[in-house]
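Notes to accompany the following structure.
No value in this document is a laboratory result; all are computed from the given coordinates. Computed from a predicted model, the values in this text were never measured in an experiment. So basically every Cβ, Gly included, is an ideal-geometry build from the backbone, and we count neighbours across all protein chains shown.
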Amino acid sequence: MMLRRGFILLLPRLVGLLVVACCSVSIVYMLACTPKGDNQQLALPRVHSSTVKEGYEAVLQEQEEQHRNYIISLKKQIAQLKAELQGRSEQLKNVQNQHPDPLVIRLDHSNPEKAQANLLAFLRSQIDKAEVHSGVKLSTEYAAVPFESFTLQKVYQLETGLTRHPEEKPVRKDKRDELIEVIELAVGSLNNPEGDGNVKHRVYTASDFIEGIYRTEKDKGTLYELTFKGDTKHQFKKVVLFRPFGPVMKVKNENVNMADTLINVIVPLAKRASKFRQFMQNFRQMGIQQDGRIHLTVVYFGKEQMNEVKSILENTSKSANFKNFTFIQLNEEFSRGRGLDVGARFWKGNNVVLFFCDVDIYFTAEFLNSCRLNTQPGKKVFYPVLFSQYNPSIIYGHHDSIPSLEQQLIIKKETGFWRDFGFGMTCQYRSDFINIGGFDLDIKGWGGEDVHLYRKYLHSNLIVIRTPVRGLFHLWHEKQCLDELTPEQYKMCMQSKAMNEASHGQLGMLVFKQEIETHLHRQKLSSKKT
């Protein structure tokens, strides 16, 4: 590795010398080929000499011979330089073959010592590439990777989402363990300074820790800077740690055939016939026409609007020649968990992927494939984070008309938000749902049952895939806050309603609507006067 680094450092100097040599030769050639000044003219024969013509021819022939010799000499020198440069390139290539670049390192398990050395070299190179010792030129202000700060009790974060707060205790075990480990390593480093084995130092503890900052560069690692109390009021101890990310390693490479993987979409429903009509338009286009490997199970509570719902389902069946549906009617109070549980257990065919869905959900054919690819019986369940739509009347209030539904489904901060507090839309194999125990049927009404099931999977050995998906949308609908709620519940309901209505900026525009209109009116009057 030292030989390689030395040669790499020498190579730019060598190339520079070769360039200088080529330039020098070119200058010599130009000087030699430039006609002489008046005071250094060639001794040409006199005009009146009888051998004028022969004399001129002899001089020109001599000059041509000199030029020819210079050209031959320069060509030889250029050839020598090319040969030397090629030789150096071959040497560099040999060195690189002996010491592979960390970016393309492969761990050779047949030679553990070499694999360990290569891995250590790679990890050290990660520190050199990260912004640890010096900064990196960035194209825009948005390219900077911000730090987040932490103390013994709290984490202060920028990317909060809707379920996280600007200041909070680290809830996730991996984040909590990470920061505890970093603080312990820093304390150990302070209590065992290098090179001062015989010198007595004060003993540092975690209580001396003041604050730290950290940031992660996804391709390099995480940088931590921790500040501790010093010996006096205005003295501090600073420890910088870096957790390098290792080289990418191939885990597996497999073909996945989903041609015969059926999805059973289960929708619990009570009333809401108009919403079901909109849902069936989406189901027909994406599920029947584009995907084609799908079954629909509707679990209907009560009898009000039931005939209308059945008519919509039957009309879709006839017009699309679609027979893969099941309609289950229950004469009992609506319970989302109960409806999904009944629909899942009603299936009598082979093991099938279950997609628990609501009537106000819009999905794409691409999402259905994601549903298949992220589930595996006895191995994985899929909990997508869907994109929740804001109130179109507010979003597009300044437009002449509200765009069509398909045109509204754009993932931007002005149009909606990632619903990271919701766990109701999920895909899993029926066998996993049955083995985990299904829903808690003691939960009545709407809500709560999805979190309970989610926690069951988290407490199991199954892998839970939780990720935002671009093909799953929650369509906006008005949220009703009932009068029978307590004052505190009503306040929380209204806060939730506001969060689903529009973005912070859009709500601000509504609050300051009067001021904006007054300003525009003044501007209009001012323009008329001028």
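Using the structure shown, select from LYS275/LYS479; LYS175/LYS491; LYS114/LYS250 the pairs with a Cα to Cα distance greater than 21 angstrom.
From LYS275/LYS479; LYS175/LYS491; LYS114/LYS250, over 21 Å: LYS175/LYS491.
Which one of SER388, LEU405, GLY422 is farthest out on the positive end of the charge dipole of the range 374-440, using unit charges on Cβ (Lys, Arg +1; Asp, Glu -1) and the Cα centre as origin?
Checked the options; the winner is GLY422.
Considering amide H positions built from the backbone, and no H for Pro or chain starts, which residues 5 or more places from ILE263, or on another chain, come under 5 Å of its amide H?
Excluding prolines and chain starts, which carry no amide H, the hits are ILE294, HIS295.
Under 5 Å between amide H atoms, partner at least 5 residues away or on a different chain: which partners does TRP476 have, H built in plane at 1.01 Å?
GLN389
Order the peptides 466-475, 409-418 from the highest to the lowest mean number of other Cβ atoms within 10 Å of their residues.
Put in order of decreasing packing, that is 466-475, 409-418.
When ranked by the protection proxy of mean other Cβ atoms within 10 Å per residue, highest first, what sequence do the peptides 499-509, 384-394 form?
384-394, 499-509
In whole Hz and in residue order, list the ³J(HN,Hα) couplings for the range 515-527 that follow from phi through the Karplus curve 6.51 cos²θ - 1.76 cosθ + 1.60, θ = phi - 60°; x for Gly and Pro.
5, 5, 5, 4, 4, 5, 5, 5, 4, 5, 5, 5, 5
Using a 10 Å cut-off on Cβ atoms, rank the peptides 334-343, 254-263, 280-289 from the highest mean neighbour count down.
Ranked by mean Cβ neighbours within 10 Å, highest first: 334-343, 280-289, 254-263.
Skipping prolines and chain starts, which residues have an amide H placed within reach, meaning under 5 Å, of the one on ILE210, given they are 5 or more residues away or on another chain?
Residues meeting the amide H criterion: THR227, PHE228, LYS229.
In the structure displayed, which of LYS154/LYS412; LYS348/LYS380; LYS380/LYS412; LYS318/LYS413; LYS348/LYS412 lie more than 32 Å apart, Cα to Cα?
Exceeds cut-off: LYS318/LYS413; LYS348/LYS412.
Rounded to the nearest 20 Debye, what is the dipole magnitude of the range 263-508 about its Cα centre when Lys and Arg each give +1 and Asp and Glu each give -1 at the C-beta?
With Lys and Arg at +1 and Asp and Glu at -1, about 820 debye.
Step through the residues of the range 290-303 one at a time and calculate ³J(HN,Hα) from phi using the Karplus curve (6.51 cos²θ - 1.76 cosθ + 1.60, θ = phi - 60°), rounding each to whole Hz and writing x for Gly and Pro.
8, 8, x, 10, 8, 10, 10, 10, 10, 9, 9, 9, x, 10
I'd like the antiparallel share, as a percent to the nearest 5, of DSSP beta bridges with both residues in the range 263-508.
Around 30 percent antiparallel, to the nearest 5.
What is the dipole size for the range 415-495, taken about its Cα centre, with +1 at each Lys and Arg Cβ and -1 at each Asp and Glu Cβ, in debye to the nearest 20?
Dipole magnitude for the range 415-495 comes out near 400 debye.
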